[in-house]
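*Asks:* Before I ask anything, here is the structure I am working with.
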Amino acid sequence: MYGRKVKLRFFFVFLIIVTLSLTVFLILKSLEENVIYFKSPSEVKVLSEKQQKKIRIGGMVKTDSISIVNKELSFVITDFKSEINVVYSGLIPNLFEEGKGVVAEGFLKDENFFSATKILAKHDENYMPPEVKAALEEK
Amino acid sequence: MFKHFEPNKIFSITSKAPRYVLYLLVIVLTIGLIESLLLSPEDYLQSHTVRIMYVHVPAAWLALGIFSSITFLSITGYIFKLKNFFLIAKSLAPSGFIFNIIALVTGSIWGKPTWGTWWAWDARITSMLILALFYLMFLMAWRIYDKKEQVFKITSIITVLGIINVPIIKYSVDWWNTLHQPASINILSKSTIHSSMLVPLLIMTAAFALFSLLIFLMKYNTELIKIKNKGLDRL
């Protein structure tokens with residue numbers, strides 16, 4: 001069928017791909033801390049030492065938790081296991097809403113208190129017309 | 001089959017086909033644009049901003065698909081010593097690169113009104129940027145190296161290195177926390193996009209694929225003309 005050289009080249013390419021995939025896998029595995037864009041409130045709670053550097057926390061904006069006092073916005077990020085209080089003043093994205101995803105960037109003051117310097121909205125993968133959404137909610 | 005292919009026969013196809021592909025592209029793109037910009041409904045959450053998706057998602061799909069194709073062509077070309085495959089890969093790459101850039105730019109334009117930022121160093125966006133760099137390396141290699149044997153080897157290495165990034169792009173949103181949302185369209189499970197939005201998306205994908213085909217045929221035609229001018233009947 002195929003010549004010896006062809007088979008050799010096939011295994012050569014195969015070996016290169018396997019080796020490189022494994023290498024990349026190990027690198028990404030060990031760098032996981034830096035690859036993830038944000039931590040969940042539960043992950044932040046178990047951080048052993050208080051972090052001084054800027055971190056990002058992501059989760060859902062807890063329903064009925066948004067309040068604005070003296071131009072300062074405060075709300076609660078939840079992952080339905082633990083919660084963190086966030087204070088922020090500045091621009092908020094259009095999709096920032098109660099019950100929707102959010103990523104807050106800033107500094108952790110203590111276990112339950114986070115001072116954000118930037119708020120990003122995270123939306124989910126569901127796309128539908130408003131009528132369909134209304135029909136779904138009626139059910 | 002490929003070893004004894006006649007450039008003249010293929011040339012007769014590649015020199016005539018682009019015109020018909022162009023006609024088809026104009027028709028499909030017109031339908032796609034009307035469907036996606038006028039007829040499709042707005043999203044319950046993002047309202048009209050969602051229309052960026054009809055350019056962003058097909059562009060990203062094609063960038064990934066074309067890179068996978070040029071890797072496949074380069075590897076089989078290397079294993080079986082088929083020079084023609086490298087020329088097909090070379091002709092495919094530019095449109096893939098263009099779509100990669102379009103995906104990044106439209107993603108940025110979409111990110112500002114929805115997420116609240118032009119750019120985020122999350123896994124999906126960063127890996128997509130890396131893919132664009134691999135495309136750039138691939139295209140530059142063809143410009144820098146003159147010797148065919150040399151450029152075949154170098155572009156093969158670039159594609160083999162780059163292909164590892166492709167599954168990372170695909171699954172980045174599932175493996176890690178990212179700002180980018182997970183995939184809405186799944187082959188195995190139910191898609192989370194309403195059918196009235198899925199249809200325009202698929203039409204736009206067909207239009208973009210036709211554009212890639214058109215650019216490919218024109219580029220490949222040029223390659224064949226170069227071979228003919230050198231007076232070679234066979235590759």
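*Asks:* Does the stretch B:98-143 come out rounded, prolate or oblate by the C-alpha gyration tensor, with a ≥ b ≥ c the root eigenvalues, rounded set by a/c under 1.5 and, if not, prolate when a/b is larger than b/c and oblate if not?
*Replies:* Note, shape of the stretch B:98-143 comes out prolate.
*Asks:* Note the direction-averaged projected area, equal to a quarter of the hull surface, for the Cα convex hull of chain A, in nm². Before the final figure, lay out the partial values.
*Replies:* Working: hull surface 61.0 nm².
About 15.2 nm², averaged over all directions.
*Asks:* Related question: What's the longest piece of chain B with no exposed trypsin sites (Lys or Arg not before Pro), counting a site as exposed if DSSP puts it in a loop and it has at most 11 other beta carbons within 10 Å?
*Replies:* The longest uninterrupted stretch comes out as B:4-146.
*Asks:* Using only protein heavy atoms and a 1.4 Å probe, report how much of A:Glu97 is accessible, in Å² to the nearest 10.
*Replies:* 80
*Asks:* Taking the Cα-to-Cβ direction at A:Leu31 and at A:Asn85 and moving 7 Å from each Cα, how far apart do the two end points lie in nm?
*Replies:* Computed distance between label sites A:Leu31 and A:Asn85 equals 3.8 nm.
*Asks:* Also: Stretch B:Lys9-B:Leu202 to full length: gain in nm at 0.36 nm per residue minus the Cα-Cα span? Present the calculation step by step, with values, prior to reporting the outcome.
*Replies:* Values: separation 193, 0.36 × 193 = 69.48 nm, distance 3.31 nm.
Extra length available between B:Lys9 and B:Leu202 comes to 66.2 nm.
*Asks:* I'd like the distance between the alpha-carbon centres of the stretch B:176-190 and the stretch B:5-63, rounded to an integer number of Å.
*Replies:* Cα centroid of the stretch B:176-190 versus Cα centroid of the stretch B:5-63: 23 Å apart.
*Asks:* Let me ask something else about it. Per DSSP H run of n ≥ 4, the term is -39500 (n - 2.57); total these for chain A, divide by its residue number, and report the mean residue ellipticity at 222 nm rounded to 500 deg cm²/dmol.
*Replies:* After summing the helix terms and dividing by the residues of chain A, the value is -10000 deg cm²/dmol.
*Asks:* Further, regarding this structure: Over the stretch A:1-72, what lengths in whole Å, largest first, do the semi-axes of the equivalent ellipsoid take, defined as the square roots of 5 times the eigenvalues of the alpha-carbon gyration tensor?
*Replies:* 51, 15, 9
*Asks:* How big is the C-alpha Rg of the protein assembly as shown next to the rule-of-thumb value 2.2 N^0.38 Å, as a ratio?
*Replies:* 1.18
*Asks:* Relative to the longest principal axis of the C-alpha atoms of chain A, give the angle of the C-alpha long axis of helix A:4-30, reported between 0 and 90° and rounded to the nearest 10°.
*Replies:* Tilt relative to chain A: about 20 degrees.
*Asks:* A further question on this structure: Considering the convex hull of the alpha carbon atoms of the stretch B:1-137, report its projected area averaged over all viewing directions, in nm², one decimal.
*Replies:* 10.6
*Asks:* OK, next. Tell me the Kirkwood radius of the stretch B:68-182: reciprocal of the mean inverse pair distance over distinct alpha-carbon atoms, in Å.
*Replies:* After inverting the pairwise mean of 1/r, the radius is 15.1 Å.
*Asks:* Interface B/A, total buried accessible area with a 1.4 Å probe, nearest 100 Å²?
*Replies:* Approximately 3600 Å² gets buried when B meets A.
*Asks:* What shape does the stretch B:125-173 have by the C-alpha gyration tensor, where a ≥ b ≥ c are the square roots of the eigenvalues, rounded means a/c under 1.5, and otherwise prolate means a/b greater than b/c and oblate the rest?
*Replies:* Verdict is oblate for the stretch B:125-173.
*Asks:* Could you pull out every one of the lysines with an alpha carbon less than 23 Å from that of A:Lys118, ignoring same-chain neighbours closer than 8 positions?
*Replies:* Within the straight-line cut-off, A:Lys118 pairs with A:Lys39, A:Lys45, A:Lys50, A:Lys53, A:Lys54, A:Lys62, A:Lys71, A:Lys100, A:Lys109, B:Lys112.
*Asks:* Got the relative contact order for chain B handy, in percent, Cα pairs under 8 Å and 6 or more residues apart? Write down the numbers at each step before the final one.
*Replies:* Values: 265 pairs, mean separation 87.6, N = 235.
The normalised contact order for chain B reaches 37 percent.
*Asks:* Further question on the same structure: From the gyration tensor of the Cα coordinates in the stretch B:133-235, what semi-axes in whole Å does the equivalent ellipsoid have, largest first, with each one equal to sqrt(5λ)? Mind showing how you got there, number by number?
*Replies:* Values: eigenvalues 270, 91, 19 Å².
After diagonalising the Cα gyration tensor, the semi-axes are 37, 21, 10 Å.
*Asks:* With a cut-off of 8 Å between alpha carbons and a minimum separation of six or more residues, what is the relative contact order of chain A in percent?
*Replies:* Result for chain A is 19 percent.
*Asks:* On a 0 to 90 degree scale, rounded to 10, what angle separates helix B:7-34 from the longest Cα axis of chain B?
*Replies:* Orientation of helix B:7-34: about 10 degrees from the principal axis.
*Asks:* On to the next question. If one takes the longest principal axis of the Cα atoms in chain B, at what angle in degrees, from 0 to 90 and to the nearest 10, does the Cα axis of helix B:53-80 lie?
*Replies:* 30
*Asks:* Compute the accessible area per residue over the protein assembly as shown, keeping the other protein chains in place, probe 1.4 Å, unit Å².
*Replies:* Numbers: 20460 Å² over 374 residues.
Spelled out: the 1.4 Å probe surface of the protein assembly as shown, per residue, equals 55 Å².
*Asks:* Which Rg and Dmax, in Å, describe the Cα atoms of chain B?
*Replies:* Spelled out, the Cα radius of gyration and Dmax of chain B are 19.4, 61 Å.
The values are calculated or read from the model by the stated rules, or taken from the named source; none is laboratory data. The structure displayed is predicted, hence computed values, not measured ones. Don't worry about glycine lacking a Cβ; one is built from the backbone with ideal geometry, like all the others, and counts go over all protein chains shown. Accessible surface areas use protein heavy atoms only, side chains included; no ligands, DNA or RNA. Shrake-Rupley method; radii C 1.70, N 1.55, O 1.52, S 1.80 Å.
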